[in-house]
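Report on one structure; see the data block that follows.
We did not get these values from a lab; they are worked out from the coordinates using the rules stated. Fair warning: this is a prediction, and the values are worked out from it, not measured in the lab. Positions of Cβ are generated from backbone atoms using ideal geometry, with glycine treated the same way; all protein chains shown enter the neighbour counts.
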Amino acid sequence: MTITQLETPAPAAQLETSPIAVELLEPPRAELSGSAGAGEFEVSLARRVVEDSWYVLGGLPVAVASFMICLTAFTAGVSLAVVWIGVPLLVFALMQSRRFAARERERAGAVLGVEVAAPVYRTGRLTALITDGQAWRELAHAVLRFIPNAVAVSFVATWWAGVLGGVSFALWGWSLPGDDLPQLLGLSDTYAASIIFYLVAGLLFAVTLPVVVRAAARLEARFALLLLAR
């Protein structure tokens with residue numbers, strides 16, 4: 001009686017795979033990573049533009065509020081300090097400017113990508129607050145912050161208006177009375193030419209928008225840290 005041994009196939013782990021099969025089975029990692037990286041770059045760039053725009057435009061009402069509150073309280077406090085009635089107003093101005101400064105450190109640090117540590121204030125009696133140099137720098141920032149903010153807002157608002165107005169000119173340009181800019185420059189006086197002109201202008205504003213918005217936000221943030229960082 002003859003016993004025949006059947007050959008069993010080797011386990012899958014022991015099978016030899018040719019280099020050609022490996023290349024066919026493996027996904028194109030380089031291409032996938034490249035496309036994912038490009039997508040992440042576009043998302044991060046758009047997010048940065050939105051965050052910088054919000055920092056500048058959202059800082060306008062805060063700058064107006066800090067200017068009105070702190071400057072009014074400080075002026076009244078100095079004027080009435082002779083009769084001691086103005087001392088509480090002076091303290092109020094310094095404390096309010098400290099609150100504005102604490103919030104601005106967080107906002108400016110997020111724009112510049114740094115963590116701004118809170119300063120160490122003098123503690124003790126009333127004289128400790130009045131003689132604290134950091135408190136006076138915060139008051140100066142609360143009063144003067146509207147200057148860099150006004151400059152930054154003017155650029156950011158202009159560029160956003162150029163982008164939105166140029167791209168959407170075809171929808172509302174027909175309602176403008178009289179000659180528009182292309183006609184004044186000696187170009188064609190047709191409505192189609194005006195649409196193309198403002199579309200090109202809007203695209204130029206869109207291309208330069210990230211650079212302009214970033215520069216405006218950094219200008220305001222660096223001014224803030226110049227007075228608020230220890």
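Things worth noting here:
- Ranking of ARG137, ARG122, ARG230 by neighbouring Cβ atoms within 10 Å, starting from the fewest: ARG230, ARG122, ARG137.
- Each residue, ALA161 and SER188, gets one label point 7 Å from its Cα in the Cβ direction; the gap between the two is 2.8 nm.
- Checking every one of the GluC sites (Glu not before Pro) in segment 98-191 against DSSP loop status and a limit of 10 other Cβ atoms within 10 Å picks out GLU115.
- A DSSP coil position with no more than 15 other Cβ atoms inside 10 Å describes the following chymotrypsin sites (Phe, Trp or Tyr not before Pro) in segment 37-140: TRP84, TYR121.
- Extension gain, THR131-GLU115: 0.36 nm per intervening residue step, less the Cα-Cα distance, totals 3.1 nm.
- Values of log10 I(q)/I(0), in the order q = 0.12, 0.17 Å⁻¹, for segment 44-228 under a Debye, Cα-only, solvent-free model: -0.69, -1.01
- Listed peptides 213-223, 191-201 appear in the order 213-223, 191-201 once ranked by packing, highest mean of other Cβ atoms within 10 Å at the front.
- Each other residue within a Cβ distance under 15 Å of MET68 adds +1 if Lys or Arg and -1 if Asp or Glu, for a net charge of +2.
- Using the Karplus relation 6.51 cos²θ - 1.76 cosθ + 1.60 with θ = phi - 60°, the per-residue 3J(HN,Hα) values for segment 97-110 come to 5, 5, 5, 4, 5, 4, 5, 5, 4, 5, 5, 5, x, 5 Hz, with x marking Gly and Pro.
- In this simple spin-label model, placing a label point 7 Å from the Cα along the Cα-to-Cβ direction at both ALA140 and ARG218 gives a separation of 2.4 nm.
- Segment ALA76-VAL207, length gained on full extension (0.36 nm per residue, minus Cα span): 42.4 nm
- Within the shell of other residues whose beta carbon sits under 12 angstrom from the beta carbon of PRO119, the net charge comes to +3, with Lys and Arg scored +1 and Asp and Glu -1.
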